[in-house]
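K.L.:
So that we are looking at the same thing, I have put the structure below in C-alpha cells.
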Amino acid sequence: MISFLIKPSSSLCNMKCSYCFYCDEAKNRERASAGFMKKETAENIIKKACEVSKEAMFIFQGGEPLLSGVEFFEHFAKIAKSLGLKAHYSIQTNGTLIDEDFIRFFKENNVLLGVSLDGVEQVHNNLRKTADGEPTFKTVFDNIKLLEKNKIEFNILTVVTPEVVKYTEEIYHFYLENGFYYQQYIPCVDEMNSSKSVLSCEDYGDFLKRLFTLYFNDRSKGVPVSIRYFDNLLMKLNGMPAEQCGMNGTCNVQLVVEGDGTVYPCDFYCVDEYALGNINLHSVWELMNSAKVKEFFKSNQTTLKCKECEYFLLCAGGCKRYRAEGLNKFCRSYKEFFEFSLR
C-alpha cells in the first residue's frame with residue numbers, strides 16, 4: 001500500500017494558533033501558499049498511486065484541509081473508486097468546519113478524523129483562536145460531539161506546550177469523562193532556523209511522567225484508553241516496529257503533496273530546498289528515488305553517543321526535526337521518562 005499526505009488547501013487556514021509549525025514553514029518558502037488544489041492535480045495523485053499499488057492511504061492535512069470544501073473530497077473519492085483503487089482516508093482538521101455535508105462524506109467513505117483540541121476550554125482558547133482572534137473551543141467541542149453522534153471514528157490531537165503541561169491531569173480526565181479514549185500528544189515544534197525553544201526538557205519530561213502514570217493506572221483497571229506514543233513504546237518492547245513516524249530511527253518518505261502538486265519528503269520539511277518534484281510531472285518512482293530523497297535520508301544519521309545510549313532501542317534518536325547535532329532536543333526528557341516508567 002502506498003501513502004500520500006495531501007494539503008488540498010496548502011497553508012491556508014481559518015485559524016491562527018499560537019504555535020502553528022506549518023505557518024512557520026510556509027513563511028520560509030518563496031511562495032507561502034500554493035493555493036487550493038485543482039481537480040487535475042488531485043486526479044494525478046490518484047493515477048500515480050494506481051501505477052504502483054492497488055491500495056492507497058490518503059491523509060489530508062493543512063493549513064485546514066476542510067477549507068477545500070466537501071465537493072473536492074467527494075470528487076477525489078469518486079475518481080479513486082472509478083479507477084478501482086482501494087482507498088483509505090484520514091483527515092486532520094481543526095474541527096471548526098465540520099457540518100452535515102462533511103458528516104455524510106465521512107460516513108460514506110469511512111474517514112478517520114484527527115481533531116485538534118488542546119484540552120480544557122481555558123487552555124484551548126488561549127492557544128487556538130480564529131484568524132480574527134475569537135475562541136474556538138465550543139465550536140470544536142460541539143463538532144466532536146456531532147462526530148460521536150454519527151459514530152465517526154476520530155482521535156484527539158493535542159500539541160504539548162507549557163500551558164498544556166500545567167493542566168496535564170485536568171486535560172486527561174476531561175478527555176476520558178467525555179469518552180475521548182484515542183489520544184495523540186505532539187510536542188510543540190520550534191520555528192525553523194531558530195534556537196528559541198517553546199517547550200523545555202524539564203516541562204516535557206514532567207508531562208510524560210505525569211501522563212504515563214494516569215495512562216498506566218487506567219490501563220491496569222481495564223480502561224480502554226489509547227495514547228499513541230505509549231502504545232508504540234509497548235509495541236517496541238514486544239519486539240515490533242513502531243507505526244508512529246520518528247520512532248524507528250529512520251525517516252520514511254511521506255510524499256507530502258502541496259496544493260500545486262509540489263512533493264516534499266516530510267510534513268516538517270515542506271520548504272523549497274527539500275522539494276522532490278511535482279506529482280503532475282513526475283512518477284512516484286522518480287520522486288522516491290530522487291537525489292533529494294537520498295540527501296534527506298543521509299541527513300537523518302544519529303550520533304555514536306546516541307546509539308550507545310541504553311534507551312536507544314526505545315528512542316532511536318527520535319524525529320529528525322527535533323534533533324540538533326544528532327541528538328534529540330528532548331534527550332534528557334526521554335531518559336528521565338524511561339528511568340521512571342521502566343523501573
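K.L.:
Calculate how large, on average over all directions, the projected area of the Cα convex hull of the chain is; give the answer in nm² to one decimal.
P.N.:
Over all viewing directions, the chain projects a mean Cα-hull area of 17.0 nm².
K.L.:
Further, regarding this structure: By how many nm would the segment from H75 to S226 lengthen if fully extended, with 0.36 nm per residue of separation less the alpha-carbon distance?
P.N.:
Values: separation 151, 0.36 × 151 = 54.36 nm, distance 3.32 nm.
Going from the current span to full extension adds 51.0 nm.
K.L.:
Using only DSSP helix segments of four residues or longer, with each worth -39500 (n - 2.57), what per-residue ellipticity at 222 nm results for the chain after dividing by its residue count and rounding to 500?
P.N.:
Helix contribution divided over all residues of the chain: -11500 deg cm²/dmol.
K.L.:
Let me ask something else about it. Please list, in order along the range 80-95, the HN-Hα scalar couplings obtained from phi with the Karplus expression 6.51 cos²θ - 1.76 cosθ + 1.60 (θ = phi - 60°), rounded to whole Hz, x for Gly and Pro.
P.N.:
Values per residue, Gly and Pro as x: 4, 5, 5, 8, x, 7, 7, 10, 10, 10, 9, 10, 9, 9, 7, x Hz.
K.L.:
Turning to a different aspect of this structure: Give me the distance between the Cα centres of the range 269-302 and the range 214-247, rounded to whole Å.
P.N.:
Going from one Cα centre to the other spans 31 Å.
K.L.:
Would you please put 314-326, 257-269 in order of how densely packed they are, using the mean number of other Cβ atoms within 10 angstrom per residue and starting with the highest?
P.N.:
The most tightly packed comes first, giving 257-269, 314-326.
K.L.:
What net charge is computed for the residues neighbouring R343, neighbours being all others with C-beta under 14 Å from the C-beta of R343, Lys and Arg scored +1, Asp and Glu -1? Before the final figure, lay out each step's value.
P.N.:
Working: positive: K209, K335; negative: E310, E336, E339.
Result for the local shell: -1.
K.L.:
Roughly how compact is the range 115-181, stated as its Cα Rg over 2.2 N^0.38 Å to two decimals?
P.N.:
Numbers: Rg = 11.8 Å, N = 67, 2.2 N^0.38 = 10.9 Å.
Its radius of gyration relative to the 2.2 N^0.38 Å reference: 1.09.
K.L.:
For the chain, what does the accessible surface come to per residue with a 1.4 Å probe? Please give it in Å².
P.N.:
For the chain, the solvent-accessible area averages 48 Å² per residue.
K.L.:
Taking the chain as a Gaussian network, Cα atoms linked when under 10 Å apart, which of P224, P65, P135 shows the biggest mean-square fluctuation?
P.N.:
P224
K.L.:
Need one number: nm distance between label points at L342 and K27, each 7 Å from Cα along Cα→Cβ, rounded to one decimal.
P.N.:
3.9
K.L.:
Grab the other residues whose beta carbon is less than 15 angstrom from that of S53, score K and R as +1, D and E as -1, and report the net. Don't jump to the answer; show the numbers that get you there.
P.N.:
Working: positive: K47, K48, K54, K86; negative: E51, E55.
So the surrounding residues net to +2.
K.L.:
Percent of accessible area on the range 143-246 owned by carbon and sulfur, 1.4 Å probe?
P.N.:
The computed percentage sits at 52.
K.L.:
Would you kindly state how much longer the chain becomes between K86 and L237 on full extension, computed as 0.36 nm times their sequence separation minus their alpha carbon distance, in nm to one decimal?
P.N.:
51.1 nm
K.L.:
Also: Which ³J(HN,Hα) values in Hz, rounded to whole numbers, follow from the phi angles of the range 60-68 under the Karplus curve 6.51 cos²θ - 1.76 cosθ + 1.60, where θ = phi - 60° and Gly and Pro get x?
P.N.:
Once θ is set to phi - 60°, the couplings for the range 60-68 become 9, 9, x, x, 10, x, 5, 4, 5 Hz.
K.L.:
What FRET efficiency do you get for F297 and E51 if R0 is 22 Å and r is their Cβ-Cβ distance, rounded to the nearest 0.05?
P.N.:
According to the calculation, E is roughly 0.45.
K.L.:
Quick check on my link table: of K78/K292; K298/K329; K166/K196; K129/K294, which ones sit more than 28 Å apart, alpha carbon to alpha carbon? Intermediate results must be reported in sequence, preceding the final value.
P.N.:
Values: K78/K292 33 Å; K298/K329 19 Å; K166/K196 20 Å; K129/K294 39 Å.
Check vs 28 Å cut-off fails for K78/K292; K129/K294.
K.L.:
For R323, which sequence-distant residues (separation of 5 or more, or a different chain) have an amide H within less than 5 Å of its own amide H, given hydrogens modelled in the peptide plane?
P.N.:
Under 5 Å from the amide H of R323 lie the amide H atoms of K329, each far enough along the sequence or on another chain.
K.L.:
Which percent of Cα-Cα pairs in the range 201-343 sits in each 5 Å bin, short to long?
P.N.:
Bin by bin from 0 Å, the calculated values are 2, 9, 16, 18, 17, 12, 11, 8, 5, 2, 0.
K.L.:
Over the range 48-114, with every protein chain in place, what whole percent of the accessible area is carbon and sulfur at 1.4 Å, could you tell me?
P.N.:
Summing carbon and sulfur atoms, their accessible area is 49 percent of the total for the range 48-114.
K.L.:
Can you give the direction-averaged projected area of the convex hull of the alpha-carbon atoms in the range 244-303, in nm²?
P.N.:
4.4
The values are calculated or read from the model by the stated rules, or taken from the named source; none is laboratory data. Model, not experiment: these values are computed from the prediction. Glycine gets a Cβ as well: all are built from the backbone with ideal geometry, and neighbour counts include every protein chain shown. Side chains are part of the model used for accessible areas, which takes the heavy atoms of the whole protein and leaves out ligands, DNA and RNA. Shrake-Rupley method; radii C 1.70, N 1.55, O 1.52, S 1.80 Å.
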